[in-house]
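The structure under discussion is supplied below as structure tokens; questions concerning it will follow.
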Amino acid sequence: MLSLEEGTLAVKTARRVIEEYVRTNKMPNVELPEAFKDLSGVFVTLKQDGDLRGCIGYPYPDLPLSKALADAAVQAATQDPRFPRVRSAELDRISVEVTVLSEPEPLKVKPVDRPGHLVIGRDGIIVERGLYRGLLLPQVPVEQGWGPEEYLEYGCLKAGLSPDAWVDDVTKVYTFQGQIFQETSPKGEVVEEKIDTALDRCEVRK
């Protein structure tokens, strides 16, 4: 777990990396404290006027957090296939969010019981079948108002599978948790987002 001070540093570092890379096409040198040397999964999310502008990251703890953070920041700004590359003129309108992930663990229940073992607002999911894989961060079903079954269906779609693939034994589902730090406005104060608080503001469809 990162402290708020460390989470603030993570967000500010992601922003600095993005701004320098977008303007110069060069990766800046990143030096961070000891806590960032641990292996960790991380995602960087960019939003513009409240809408998604890019989101890429590493689901598994294969890299030190400092490197994964910097790489994810650049990729979210320049390599998300859903969006054009971020331009320098946009930087002052983009808010940065960093989600630090726990290690994914398999959901060891019968496929039909999977919805009952997901906690909306706590669990992120990875749906995997052969070479197909899709990941949704814990905050996504809260923001979209999904219940557990819808969450699994959209996880399957993200993986390029049919929406009911989660009921098959050959489809694997993993869960993880995330610690979210985000700017309250572009270049603004950084806060730790409590997903259960966000859940209170959303209507979750059953």
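The values are calculated or read from the model by the stated rules, or taken from the named source; none is laboratory data. The structure displayed is predicted, hence computed values, not measured ones. Please note: Cβ atoms are built from the backbone with ideal geometry, for glycine as well, and neighbour counts cover all protein chains shown.
Just to check your reading of the model, which residue among Val98, Val109, Val42 is closer than 20 Å to Gly134 by Cα, at pLDDT 95 or above and touching a His at 6+ places or on another chain (Cβ under 9 Å)?
Criteria check complete, one pass: Val109.
Please return the ranges of strands (runs of 3 or more DSSP E) entirely within segment 88-139 where 1 or more residues are among the small types (Gly, Ala, Ser) and in contact with a Pro (Cβ under 6 Å, 6 or more places away or on another chain).
By residue number, 94-101, 124-129.
Scan Leu63, Leu91 and give me the residue that is crowded, with 16+ Cβ neighbours inside 10 Å, modelled with pLDDT of 95 or more and within 22 Å of Gln177 (Cβ to Cβ).
The unique qualifying residue is Leu63.
The rows are residues; the columns are (1) free of Cβ contacts under 8 Å to residues at least 24 places away in the same chain; (2) in the same structural domain as Asp51 (by TED's automatic domain parsing); (3) more than 17 Å from the chain's Cα centre (by Cα); (4) within 27 Å of Ala73 (Cα to Cα).
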site: Val98; (1), (2), (3), (4): no, yes, no, yes
site: Ile120; (1), (2), (3), (4): no, no, no, yes
site: Ile125; (1), (2), (3), (4): no, no, no, yes
site: Arg129; (1), (2), (3), (4): no, no, yes, no
site: Val140; (1), (2), (3), (4): yes, no, no, yes
site: Gln144; (1), (2), (3), (4): yes, no, no, yes
site: Cys156; (1), (2), (3), (4): no, no, no, yes
site: Ala159; (1), (2), (3), (4): no, no, no, yes
site: Glu183; (1), (2), (3), (4): no, yes, no, yes
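For residues that are part of a loop (DSSP other than H, G, I, E, B) and closer than 16 Å to Val140 by Cβ, scanning just segment 161-206, find the one that is modelled with the highest pLDDT.
Applying the filter and picking the extreme gives Pro163.
Inside segment 166-182, can you point out the residues that are surrounded by 21 or more Cβ atoms within 10 Å (Cβ to Cβ), touching a Lys or Arg at 6+ places or on another chain (Cβ under 8 Å) and not β-branched (Val, Ile, Thr)?
Trp166
Among the residues of segment 18-69, which ones are over 17 Å from Phe83 (Cα atoms), part of a helix (DSSP H, G or I) and of a type in the set (A, V, I, L, M, F, W, C)?
Ala35, Phe36, Leu65, Ala68, Leu69 - these are the residues of segment 18-69 that are over 17 Å from Phe83 (Cα atoms), part of a helix (DSSP H, G or I) and of a type in the set (A, V, I, L, M, F, W, C).
I'd like the full set of residues that are crowded, with 20+ Cβ neighbours inside 10 Å and among the aliphatic types (A, V, I, L, M), limited to segment 114-139.
Leu118, Ile120, Ile125, Ile126, Val127, Leu135, Leu136, Leu137
Here is a list: Asp51, Asp38. Which entry is acidic (Asp, Glu) and under 16 Å from the mean Cα position of the chain (by Cα)?
Numbers: Asp38 fails: under 16 Å from the mean Cα position of the chain (by Cα).
Result of the check over Asp51, Asp38: Asp51.
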